[in-house]
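Please read the structure below before turning to the comments.
The values are calculated or read from the model by the stated rules, or taken from the named source; none is laboratory data. Here the structure is a predicted model, which means the values were calculated and not measured. Heads up, the Cβs are rebuilt from the backbone with ideal geometry, glycines too, and the neighbour counts pull from every protein chain shown. Ligands, DNA and RNA are excluded from the accessible area calculation, which covers all protein heavy atoms including side chains. Shrake-Rupley method; radii C 1.70, N 1.55, O 1.52, S 1.80 Å.
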Amino acid sequence: QTSDLDHNDNISLSEILRVIQFYNSGGLHCADVPTDTEDGYVPGGGGNLSCAPYSTDYNPQDWMISLSELLRVIQFFNAGGYTYCPSAATEDGFCPIPSAP
């Protein structure tokens, strides 16, 4: 998940806020200098599209975060994590995992 910046299989508040920023800005594009941003992307439509697509933008991959894509990230945030589960045939290849009691 591109939205999981620290790659710990858990969506933090700052990570979900970044996805909300892309949703509210009408899209995203590649930073001209990838190290200029925390994830290599810049809010707003248009611009440089030469980098790898943002994985949260998957249905369709159109450089915009849709409401359903945003809600999927919120689901992972609320669940306390996610895991790769290709055999489960989910829309994005990931499954939420419940947090420990």
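Ignoring everything except DSSP H segments at least 4 long, calculate the 222 nm mean residue ellipticity for the chain; use -39,500 (n - 2.57) per segment, divide by total residues, nearest 500.
Values: 2 runs with 25 residues, N = 101.
Taking each H run of at least 4 residues, the total per residue is -8000 deg cm²/dmol.
Provide the solvent-accessible area of SER68, counting protein heavy atoms only and rolling a 1.4 Å probe, rounded to the nearest 10 Å².
Near enough 70 Å² of accessible area.
Describe numerically, in nm with one decimal, the distance between label points set 7 Å from Cα along Cα→Cβ at SER55 and at ASP6.
So the two model labels end up 1.7 nm from each other.
Give the long-range amide H neighbours of TYR41: residues separated by 5 or more places, or on another chain, with amide H under 5 Å away, using H modelled in the peptide plane at 1.01 Å from N.
ALA31
What accessible area, in Å² to the nearest ten, does a 1.4 Å probe give for VAL42?
Solvent-accessible area, nearest 10 Å²: 40 Å².
Normalise the Debye intensity by I(0) for the chain, one equal point scatterer per Cα, no solvent, then take log10 at q = 0.21 Å⁻¹ and round to two decimals.
Values returned for q = 0.21 Å⁻¹ are -1.08.
Looking only at THR37, THR83, THR56, which one moves most when the chain is put into a Gaussian network model with springs between Cα atoms under 10 Å?
Highest fluctuation of the listed residues: THR37.
So, in Å, what gap is there between the alpha-carbon centers of region 15-61 and region 71-88?
A separation of 20 Å, based on Cα centres.
Quick one: dipole size for the chain, taken about the Cα centre, charges +1 on Lys/Arg Cβ and -1 on Asp/Glu Cβ, in debye to the nearest 20. Mind dumping the intermediate values first?
Working: 2 positive and 13 negative charges, 46 e Å.
So the magnitude is around 220 debye.
Taking 0.36 nm per residue of sequence separation and subtracting the Cα-Cα distance, how much length would be gained by fully extending the chain between ILE74 and THR90, in nm to one decimal?
Details: separation 16, 0.36 × 16 = 5.76 nm, distance 1.56 nm.
Taking 0.36 nm per residue and subtracting the Cα distance, the gain is 4.2 nm.
Rounded, prolate or oblate: pick one for region 38-95, where a ≥ b ≥ c are the square roots of the eigenvalues of its C-alpha gyration tensor, a/c under 1.5 means rounded, and failing that, prolate if a/b is larger than b/c, else oblate.
Details: a/c = 2.06, a/b = 1.78, b/c = 1.16.
Here region 38-95 falls in the prolate category.
How much area per residue is accessible in the chain when the probe is 1.4 Å and only protein heavy atoms are counted (Å²)?
Result: 54 Å² per residue.
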